[in-house]
Amino acid sequence: MQNWDDLRYFLAVARSGSFSAAAESLSVNGSTVGRRIDQLEEDLKCKLFDRYRYGMNLTPQGRTLLDHVQQMEKSASNLEQTLKGADDALNGQVRISVTDGLGSFWLTPNLADFQKSYPQISLEMASESHFVNLANREADIAIRLSKPDDPALIARKVGIVPFHVFAAPSYIDRYGEPQNWADLKGHKLVDYFGYKESKALSLWQETVKNHDQVVFQTNSAMSFVSALRAGMGMGMLPRFYRHAVSDLIELDLRADLFEMPIYLVTHEETSQTARIQAVKDYIGMLFDRDRRAWFS
């Protein structure tokens, strides 16, 4: 069946018992109703109504179809009631796509108050380095260190992420503290694979590429921080990590070279959905709150 709208005409005739009454209920003329019923019978290759002078009677095949169409009508009505007002309701799931470190060490620890305020909104967080397709609902909100090109995306710059070199006190006690960037040549380094695509960190990438003591590399922000805490070597971290790793020593070596803008991104088709708007506003508030400390 290619035209589901024919079933609406079938249902009207079955309930009213005539083409004319069905036409009146549908605000069309009787010939249109007759034509749509003829087309439906041709598509299904069976007779649905016996025509009499006093009206229309369902055939056995017609009664079978009526049972199914009424069930479809009921399901459609239930679906409408389920979805009606869903975009205005402060409940349901919101998916956030964010880089691993930002999600693990800054955003997640700050979401408890949101959950208390909006207990019916379920948050799903995906740690991803690539930019997901918001138009295809791969995520509702994205937090990224580059501005998207798609004009359908609404991107708000919420700050700047500065990067510094960090090391554990145990490492400094054993190997000493570098005084400038060139001193890194004599130190052990640990590296995070997520930095490889960032143009802003090209000096760090070049240093790692030409270094003969890169002792540990990982694609996990948690493992990267664990390696630094264990004293395995020195590594580059965004400053907001200090929020969670105050036990590491921050070394201000060429800090002016390592800054990246950060954007809070939604799609124009979904940005006004109440639950998504609530999450976006809350995350924006967090960035505003912490801009002076971590994102400027």
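Annotations
- Unmet requirement for PHE287, which otherwise passes all of (1) open to solvent by 20 Å² or more (accessible area, probe 1.4 Å); (2) at pLDDT 90 or above: (1)
- Restricted to the stretch 255-284, and to residues there that are closer than 23 Å to SER202 by Cα, loosely packed, with under 15 Cβ neighbours inside 10 Å and not charged (D, E, K, R), the residue that is modelled with the lowest pLDDT is ALA255.
- Selected residue (only one of ASP212, ASP252 is more than 33 Å from the chain's Cα centre (by Cα), at pLDDT 90 or above and of a type in the set (D, E, K, R)): ASP212
- Those strands (runs of 3 or more DSSP E) lying entirely in the stretch 121-167 with at least 1 residues open to solvent by 50 Å² or more (accessible area, probe 1.4 Å), at pLDDT below 85 and touching a helix residue (DSSP H, G or I) at 6+ places or on another chain (Cβ under 6 Å): 121-127
- Looking only at the stretch 226-239, and only at residues there that are aliphatic (A, V, I, L, M) and within 22 Å of TRP181 (Cβ to Cβ), the one that is surrounded by the fewest Cβ atoms within 10 Å (Cβ to Cβ): MET232
- Among the criteria (1) more than 21 Å from ILE249 (Cβ to Cβ); (2) open to solvent by less than 70 Å² (accessible area, probe 1.4 Å), the one LYS199 does not fulfil is (2).
- Of the candidates LYS209, LYS199, the single residue that is free of Cβ contacts under 8 Å to residues at least 40 places away in the same chain and closer than 27 Å to PRO151 by Cβ is LYS199.
- Restricting attention to the stretch 176-196 and to residues that are closer than 27 Å to LYS147 by Cα and assigned to a helix (DSSP H, G or I), the residue that is least open to solvent (accessible area, probe 1.4 Å) turns out to be TYR195.
- Any chance LEU66 is open to solvent by less than 50 Å² (accessible area, probe 1.4 Å) and under 45 Å from the mean Cα position of the chain (by Cα): yes
- Pair list, Cβ under 9 Å, 6 or more apart: the stretch 267-281 residue under 22 Å from ASP113 (Cβ atoms), other residue small (Gly, Ala, Ser) and assigned to a loop (DSSP other than H, G, I, E, B): ALA274/ALA89; ARG275/ALA89; GLN277/SER271; LYS280/SER271
- Count of residues meeting criterion [closer than 21 Å to GLU73 by Cα, in a helix (DSSP H, G or I) and either over 45 Å from the mean Cα position of the chain (by Cα) or of a type in the set (A, V, I, L, M) (or both)] in the stretch 11-57: 17
- Within the set THR32, THR82, the sole residue that is modelled with pLDDT of 85 or more and of a type in the set (Ser, Thr, Tyr) turns out to be THR32.
The values are calculated or read from the model by the stated rules, or taken from the named source; none is laboratory data. Predicted, not measured: the structure shown is a model, and the values here were computed from it. So basically every Cβ, Gly included, is an ideal-geometry build from the backbone, and we count neighbours across all protein chains shown. Ligands, DNA and RNA are stripped out before the accessible areas are found, and what is left, the full protein with its side chains, is counted by its heavy atoms. Shrake-Rupley method; radii C 1.70, N 1.55, O 1.52, S 1.80 Å.
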